[in-house]
1. So which residues in the range B:115-140 are surrounded by 23 or more Cβ atoms within 10 Å (Cβ to Cβ) and among the aliphatic types (A, V, I, L, M), if there are any at all?
2. Among the residues of the range A:169-183, count how many are without any contact (Cβ under 8 Å) to a residue 12 or more places away in the chain and part of a loop (DSSP other than H, G, I, E, B).
3. Give the residue, chosen from A:E7, A:E40, that is charged (D, E, K, R) and either in contact (Cβ under 8 Å) with a residue 24 or more places away in the chain or within 17 Å of A:G152 (Cβ to Cβ) (or both).
4. Can you report the number of residues in the range B:263-287 which are more than 19 Å from B:S40 (Cα to Cα) and either part of a helix (DSSP H, G or I) or in contact with a His (Cβ under 9 Å, 6 or more places away or on another chain) (or both)?
5. Can you pull out every residue in the range B:49-71 that is within 10 Å of chain A (Cβ to nearest Cβ) and under 14 Å from B:F254 (Cβ atoms)?
6. Identify, from the list B:S150, B:S201, the residue that is within 14 Å of chain A (Cβ to nearest Cβ), in contact with a Leu (Cβ under 7 Å, 6 or more places away or on another chain) and under 28 Å from B:R95 (Cβ atoms).
7. Only one residue in A:V193, A:V179 is out of contact with any Gly (no Cβ under 8 Å at 6 or more places or on another chain) and at pLDDT below 90. Which one?
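The values are calculated or read from the model by the stated rules, or taken from the named source; none is laboratory data. As the structure is a computational prediction, the values presented were derived from the model and not from experiment. Virtual Cβ from ideal backbone geometry, glycine too; neighbours counted across all protein chains shown.
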Amino acid sequence: MWQEVAEVVARSLLISGTATMLAAFWSIPVAMILTAKESEFRRVLLDLTNTLVAIPTVLVGLVLYLLLSRSGPLGFLGILYTPTSIVIGEAVLITPLIVSLSASVLRETRAGIWEMAVSIGATERQALVTMVTESLPRLMSVILIGFNRAIGELGVALMLGGNIKGLTRVMTTAIALEVSKGEFEFALALGGVLLFVTFLVTAIVRKVGKTA
Amino acid sequence: MRIRRVFVALTVAVVVSILFLSIYQTGQHENILRVTTTTSLYNTGLLDKLAEEFKQMHPDVSVQFIAIGSGEALRRAAQGDADMVLSHAPNLEKRYLDDGTLKPGKIFAYNYFIIVGPSDDPANVTGMSPIEAMAAIYTAGERGRAIFVSRADNSGTHNRELMLWSLASVNPSGKTWYLELGADMALTLMVANEKKAYTLSDVGTYLKFSDKLGELKPLVERGDALINIYSVYVVNPVKVPGVNEKLAEVFMRFITSEEGQKIIENYGIDEFGKPLFNAARGDPTGELKNVWESMAKLG
């Protein structure tokens, strides 16, 4: 049984890790664009992003399910009920969160660094690079928060993955299943494992981030 | 430059993990049979057991169960996302049979729903027929002496509960003593226990949870209106393209074969001292089919 638990943990880490990197990949550039200049339009976009942070996971799951379903427009990809579909769903889910938090990090650094860099004669490009470099450690924490949201969510994994044993069963769907089977003690133990693993990842990333 | 390095590292990491995932999946891409199923079957562990035995005969086949309520299970099959459906909601099944989504199926197992309630039984339903019991709960509810907790999630159990109310010619919808949860059987039983309320349950989930349900007792356990019929359907490839019809039929034959039926009627003896399901064995008297028909009509 514990071998199955180990598999589920590894699968969760792989799926949520990939989803987080994917989300960071497009979210941070978007955050840079949104904070590069002050304008009413960009502020509205940011408000919208902040709103989307509150989107229910099961709603993201449902929308993507209808897209990826065999009868949906992306059905030909045949990725519903596979780990890939959970990766995509979680990446979409945490995008607003990462954009929103990165934007506030970048905006703060910008206030301090941008003006200074420009005033000592840096080009706009150099100033931008300096700004992002200075923000890196805090952006790293933002990405970690995104990862934690991804690994702890249930709605997307259940809807898109289907909680299939040995293929798409992840920590959260396994916990939900044990609860509905009445195995509360085992569900609690799994919950403990989930939090412990998340804690480990957080600690390791912080350590690595410091030395890099 | 530091940013570029981070960016390159990120790109490489994303590409590698996506490659890894796609390799991991293609390994499983041969001969997949996708089955959407009612949770009341899956959560007992019976289906994993059947799949395990099936795999010994067909090692190249991967049977994947997606356990959801019967309503959602049928809907997802209609969307084209399952090859096979296991369901226990005749009235819903009828709809999908009529519109051609499902090919005519087979009844493979049955057991009984049970009406559970507080041990002191304020509505006095013990010993009554299921329909009398529902009427008595209604009357007691109106007098403020009983609470009923409903799944309210369009599952097979929920559909049966609605049918029982309508057979008793009462409509509890909107009453203050009638709590509509929108929850699975497990949670519904827990709520009924906390509130000392009546509810309708499948027998498997109730037995699994009975050690946590100190306030509750099964009160009505028999009666035609409580027969819980499990049917298996292959999705119709003419109506829903892409269905793995061949494999679905092989698995259906296995479930209804002597070997499959033996597994079904013995399942649960180790854990509960009695079996959770009765095998239908082809329904020789046609009685199950009759009950199924009359329920499908009522929906």
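1. Within the range B:115-140, the subset surrounded by 23 or more Cβ atoms within 10 Å (Cβ to Cβ) is B:115-117, B:123, B:130, B:133-134, B:137.
Within the range B:115-140, B:I115, B:V116, B:A123, B:A133, B:M134, B:I137 meet the criteria.
2. Here is the first cut: in the range A:169-183, the ones without any contact (Cβ under 8 Å) to a residue 12 or more places away in the chain are A:179-183.
So of that shortlist, the ones also part of a loop (DSSP other than H, G, I, E, B) come out as A:181-183.
The qualifying residues number 3.
3. Details: A:E40 fails: either in contact (Cβ under 8 Å) with a residue 24 or more places away in the chain or within 17 Å of A:G152 (Cβ to Cβ) (or both).
Result: A:E7 is the single residue among A:E7, A:E40 that is charged (D, E, K, R) and either in contact (Cβ under 8 Å) with a residue 24 or more places away in the chain or within 17 Å of A:G152 (Cβ to Cβ) (or both).
4. Final tally of qualifying residues: 1.
5. Keep residues of the range B:49-71 that are within 10 Å of chain A (Cβ to nearest Cβ), which gives B:51, B:62-68.
Residues satisfying the conditions are B:A51, B:V63.
6. Working: B:S150 fails: within 14 Å of chain A (Cβ to nearest Cβ).
Within the list B:S150, B:S201, the selection yields B:S201.
7. On the way: A:V193 fails: at pLDDT below 90.
Criteria check complete, one pass: A:V179.
Okay, residues lined up against (1) at pLDDT 95 or above; (2) farther than 30 Å from A:S71 by Cβ; (3) surrounded by 17 or more Cβ atoms within 10 Å (Cβ to Cβ); (4) in contact with a His (Cβ under 9 Å, 6 or more places away or on another chain):
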position	(1), (2), (3), (4)
B:E194	no, yes, no, no
B:K212	no, yes, no, no
B:V240	no, no, yes, no
B:I255	yes, no, yes, no
